[in-house]
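Take a look at the structure set out below.
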Amino acid sequence: MSKQLQVNQLNWRINDKSILQNISFDVNRREIIGIIGPNGAGKTSLLRCITNQVNGARHASMSGDIYLNHKSISGYSAKKLAQHFAVVAQKSEPIFSLSVIDIVKMGLLPHQSLFAIDSDYDKEQIQLALKKVGLTTASNKRYHQLSGGEQQRVLIARALVQKAQILILDEPTNHLDVYYQHQILQLITQLNITVIMTVHDLNLASQYCQRLLLLNEGQLIADGTPKSVLTEEQLSQVFKLDCAVELMNKSTNKNTQQNTTPRVFFSLPVPVKSDANLGATHD
């Protein structure tokens, strides 16, 4: 496979606190990678480092190497990076009063000069993106009038117009109900581009990601297929909960072993009753 992104011995500190420690992994073209781990594990920080969005952080220092298409990301201008990375963050910028089509048009900005007029080709790409995410009839609606799932689809349409090689998403299913969680992730897996996203729900990550990176306390604990990463021993250690993992069939062909996906169940330890309470009676 062709390596698209390489992260080598990445470290990031803020003041005296270590956020990421010795992170190394490669990303191949069209891989769908999920970054998982507890809150504070460094998931969002890793996305920020990959997209070179950490230089403005106060009292922060980064070491290690990140290569995009075998060239250091430090050698790319912000506009050039925007032609390679499309970022859908947890918190959207203040775009609520804009229409759907105005937001999707923002994807053209990395490819246009200042005050450029949209060409017929540009307009066609916008309509194709809206069609791909199923929002053609909503193009003139205001962003704030849409459901959470529709808002996420608008931002993905903007990323498609941006024609980025890598789609970066930070918790794309956060605050969505079950239907829209699956709708968004299914759409993402059908885009035929490289996807790197943080995922809070381990079972969603297992179902939709080809590969998982498990982080804990700023360190990369495991990197591999969902089956190799989502093990009872690793997850119990990282999340500090009792854990059970079952393999579930992804397809109707129950004899196809490669179509199984891990299903994770957590539970709190059962409290042990003291001897004083075992035989207690009430008069």
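Each reported figure results from applying straightforward, stated rules to the coordinates on display, with no laboratory input. Computed from a predicted model, the values in this text were never measured in an experiment. Glycine gets a Cβ as well: all are built from the backbone with ideal geometry, and neighbour counts include every protein chain shown.
Numbers for the structure displayed
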quantity: Of 220, 47, 146, the one that fluctuates the most in a GNM where the chain has Cα springs shorter than 10 Å; calculated: 146
quantity: Which of 13, 58, 211 has the fewest Cβ neighbours within 10 Å, and the rest in rising order; calculated: 58, 13, 211
quantity: For the range 207-217, 3J(HN,Hα) per residue [Karplus equation, 6.51 cos²θ - 1.76 cosθ + 1.60, θ = phi - 60°, Hz, x = Gly/Pro]; calculated: 6, 10, 9, 7, 8, 10, 10, 9, 9, 8, 6
quantity: Listed residues 168, 32, 19, most fluctuating in the chain (Gaussian network, C-alpha, under 10 Å); calculated: 19
quantity: The chain: calculated mean residue ellipticity at 222 nm from DSSP helix runs of at least 4, using -39500 (n - 2.57); calculated: -8000 deg cm²/dmol
quantity: Packing-based exposure ordering (other Cβ within 10 Å, fewest first) of 248, 62; calculated: 248, 62
quantity: Total formal charge among the other residues, if their Cβ is under 12 angstrom from that of residue 261, Lys/Arg +1 and Asp/Glu -1; calculated: +2
quantity: Between helix 178-189 and the chain: long-axis angle, C-alpha atoms, 0 to 90°, nearest 10; calculated: 60
quantity: Enclosed volume per residue, in Å³, of the convex hull spanned by Cα atoms of the range 4-54; calculated: 80
quantity: Unit charges on C-beta of K, R, D, E only; dipole of the chain, Debye; calculated: 880
quantity: Debye-sum result for the chain in log10 I(q)/I(0), which assumes one identical scatterer on each alpha carbon, at q = 0.08, 0.12, 0.13, 0.15 Å⁻¹; calculated: -0.40, -0.83, -0.96, -1.21
quantity: Helix 148-162 vs. the chain, principal-axis angle (Cα, 0 to 90°, nearest 10); calculated: 50
